[in-house]
1. For the stretch 63-176, take the alpha-carbon Rg, divide it by the Kirkwood Rh, and send me Rg/Rh.
2. Please work out the average accessible area per residue across the stretch 56-148, using the 1.4 Å probe convention, and give it in Å².
3. Only one of the listed values, (i) 31, 18, 15; (ii) 25, 22, 16; (iii) 32, 22, 17, was derived from the coordinates as semi-axes √(5λ) of the Cα gyration tensor in Å; which label is it?
4. Once label points are set 7 Å from the Cα along Cα→Cβ at both S193 and K44, what is their separation, rounded to one decimal in nm?
5. Can you count the Lys pairs in the chain whose Cα atoms are under 27 Å apart, with each pair 8 or more apart or on different chains?
6. Placing +1 at every Lys and Arg Cβ and -1 at every Asp and Glu Cβ, with all other atoms neutral, what dipole size does the chain have around its Cα centre, in debye to the nearest 20?
7. FRET efficiency for L105 and E22, Cβ-Cβ distance as r, R0 = 30 Å, nearest 0.05?
8. State the Cα centre-to-centre distance between the stretch 166-227 and the stretch 16-46 in whole Å.
Amino acid sequence: IMREPTILLSRADVESCISLAEIVEVVQKVFQAHAENKIVLPPKLEFNLAPMGIKAWNVAMPAYIATYNAAGIKWVGGFAGNPRSHDLPYTMATILLQDPETGVLLGVMDGSFITGARTGAAAAVAAHLCALPEATKVSMVGTGVQARYGLEALMHLRKLTEVRAVAAHFGSAERFASDMGKRFGLSVTAHASVQEALDGTEIIIAATTAPEPIIRDEWLMPGVTAV
């Protein structure tokens, strides 16, 4: 029996195949499919190496989406030593796609871009659906890769008038404000404290690995949406 070969896609290949605007559209359809019980989504299987003295973790994330008749699994994790010791991203991910009826492996692809873009898009779609229609002021808590994708994705869904940014290191927030402000012609300001960054905001997108709660209820104005 002749079968098509398994497709291998690098990060650059994946980025050339789909735009963030298209990812936002797919995420919206997947949210709808989930509400219509058209998804099989088992709990994540966690693989944590911290007890072994290795600052690394992975999770296995299988899923089936009837809307696209697509099945696969993402193997994704965080590796604390990568940025400084190995010149690699903190997040590493690989996605396997298979034929849901035969199990034939259709594709193996780098999952780093998809992880950042899809996570950012999911936050943006959730914020857009839950926020007040007139909400245009956004606070980004965390200013890494997912925050950048999250802000850009939200801009595909509604017109923003003000963005506030805060990070564990003020310099990171300043770089985010400068980069995103110039790129999108937005008013983006960096703030030294979370409380200051949330003052008067209407939408909060948290994209941080903070191990402890960093947002307090009393800092939030009535009607604010936080994701």
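The values are calculated or read from the model by the stated rules, or taken from the named source; none is laboratory data. What you see is a predicted model, and the numbers here were worked out from it, not measured in a lab. No Cβ is skipped: glycine too gets one built from the backbone with ideal geometry, and neighbour counts run over all protein chains shown. Accessible surface areas use protein heavy atoms only, side chains included; no ligands, DNA or RNA. Shrake-Rupley method; radii C 1.70, N 1.55, O 1.52, S 1.80 Å.
1. Ratio of gyration radius to Kirkwood radius: 1.06.
2. 47
3. (iii)
4. So the label points at S193 and K44 sit 3.1 nm apart.
5. Within the chain, the lysine pair count is 12.
6. For this selection, approximately 200 debye.
7. 0.80
8. 26
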